[in-house]
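Heads up, the thing below is written out as structure tokens.
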Amino acid sequence: PVEVDPRQQCSGLGRAPGRQEGGGVALAEAVGRVSSKHRYLRITHDFHSGFFAKFTNVLNMLRLALDQDWRAVVQWPPCASHFLASESEWRLDPFFSSAPSRLDGMQPARPGNIFTYVMDVEGSQSRISVDEPPPGSLVFELSREQVQRLHDGELDAARTIFGYPYGEFGHLSDRAYNEQFFFAQRLAATRLLKSFFRPKEGLERYVRQLQAELFGAAEAGEARSAVLGVHLRGTDKHTAPKIEPVQYVPYILKFLTVFPRGLVFVASDSNQYVKRIRELLRDRGVGHAIRQVPGIARGDEMSGLNPFQNVSIDGFKKAFDVVVDARLLSRCDFLLCSFSHVSEFAIYWSRRLHLHEFSWNL
């Protein structure tokens, strides 16, 4: 591979490996010999973030590739040495530290690619795939610094989707809910998800099964009980103050006042938060309304680590579990949450952005 510097011709991208023969080939000359359908952006993953933060970066890098009229290839774990600090860091990365679980007979479409374990990639006109680009392709990759800049909205000529206010929009987190900001982000993300990504059918079957068991079905002549989805983010919160379980309680009680037969589906990365919200609601006589998925991978209560940082839990199971939680949250009638990519993806996946209008961000 030839190291090239595409910053001038390619809108702010830094060094990237090119698959051209010979050394010292100028990018303009190399690009001129390769048609747009053979120019690829390899979408890897950034370190030290959870599954949906990584998924947000997938959306942003795909958007960048589409804007450049390139193709995209999603490959987790990363394949380029310059993207890694060291081989040992890759081996210790929690997402790839163990063999895949055989949940519902599911296996990755590509060995070692955790993204294809939970998601199908549906490339419109072959704009995106999980396969290695064909020989003769020009393949670009972002450095870790560039991925972070893209995530924060600071990469030149790139259009970033924000899961919530951070980076250049961090100031919005100190103000009242900005409906215009959130709707713009959610609409852009929803369009990409609808066009290019679909949860695995095995995962979806499991979600439908859980939905029937946890939410119940409509009784004869009556509508199904209303369901409030509650996402409690309890670990690794650095971008905004944590929201403690007790702060959710008044809103849950108001919901149950309006919907006496209503149910409350709780999703969280913290066993301690789940235990606490159950205690608080039980003390108020409404503990019977709580529902949750059994056996979900959660963080280490002693260290406060997020599940993705907990190397004792199978990496594929962690991805599977958090997608299941988000898919169930997306099927709720209302959503109560704090800043998190998990709750944002629930809104992206809700029918016609239903939860955009029926959610409350604490």
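The values are calculated or read from the model by the stated rules, or taken from the named source; none is laboratory data. Remember, it's a predicted structure, so these values are computed and weren't measured experimentally. Backbone-built Cβ (ideal geometry, glycine too); neighbour counts: all protein chains shown. Only protein heavy atoms, including side chains, enter the accessible area calculation; ligands, DNA and RNA are left aside. Shrake-Rupley method; radii C 1.70, N 1.55, O 1.52, S 1.80 Å.
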Those residues of the stretch 161-176 which are surrounded by fewer than 13 Cβ atoms within 10 Å (Cβ to Cβ) and part of a loop (DSSP other than H, G, I, E, B), in sequence order: Arg175, Ala176
So Phe182 passes all but one of these: (1) of a type outside the set (Lys, Arg); (2) assigned to a helix (DSSP H, G or I); (3) closer than 27 Å to Tyr40 by Cα. Which condition number does it fail? (3)
Quick test of your reading of the structure: Asp120 fulfils all but one of (1) of a type in the set (D, E, K, R); (2) in a loop (DSSP other than H, G, I, E, B); (3) modelled with pLDDT under 90. Name the failing condition by number. (2)
If you check Gly202 against the conditions, is it in a helix (DSSP H, G or I) and either assigned by the TED database to the domain that holds Ala72 or of a type outside the set (Phe, Trp, Tyr) (or both)? yes
Does Glu132 satisfy the condition of being touching a strand residue (DSSP E or B) at 6+ places or on another chain (Cβ under 6 Å), within 17 Å of Arg39 (Cβ to Cβ) and of a type in the set (D, E, K, R)? no
Qualifying positions in the stretch 261-284 - more than 28 Å from the chain's Cα centre (by Cα) and not in a loop (DSSP other than H, G, I, E, B): Glu279, Leu280, Leu281, Arg282, Asp283
Can you list residue pairs whose Cβ atoms sit under 7 Å apart, with the first residue in the stretch 244-263 being in the same structural domain as Asp283 (by the TED database) and the second being open to solvent by 60 Å² or more (accessible area, probe 1.4 Å) and in a helix (DSSP H, G or I)? Count only pairs 6 or more apart in sequence or on different chains. Pro245/Arg276
So which of Ala319, Ala326, Ala346 ends up being open to solvent by less than 40 Å² (accessible area, probe 1.4 Å), closer than 13 Å to Pro199 by Cα, at pLDDT below 90 and within 16 Å of the chain's Cα centre (by Cα)? Ala319
All positions within the stretch 119-160 that are free of Cβ contacts under 8 Å to residues at least 40 places away in the same chain, surrounded by fewer than 17 Cβ atoms within 10 Å (Cβ to Cβ) and at positive phi: Gln125
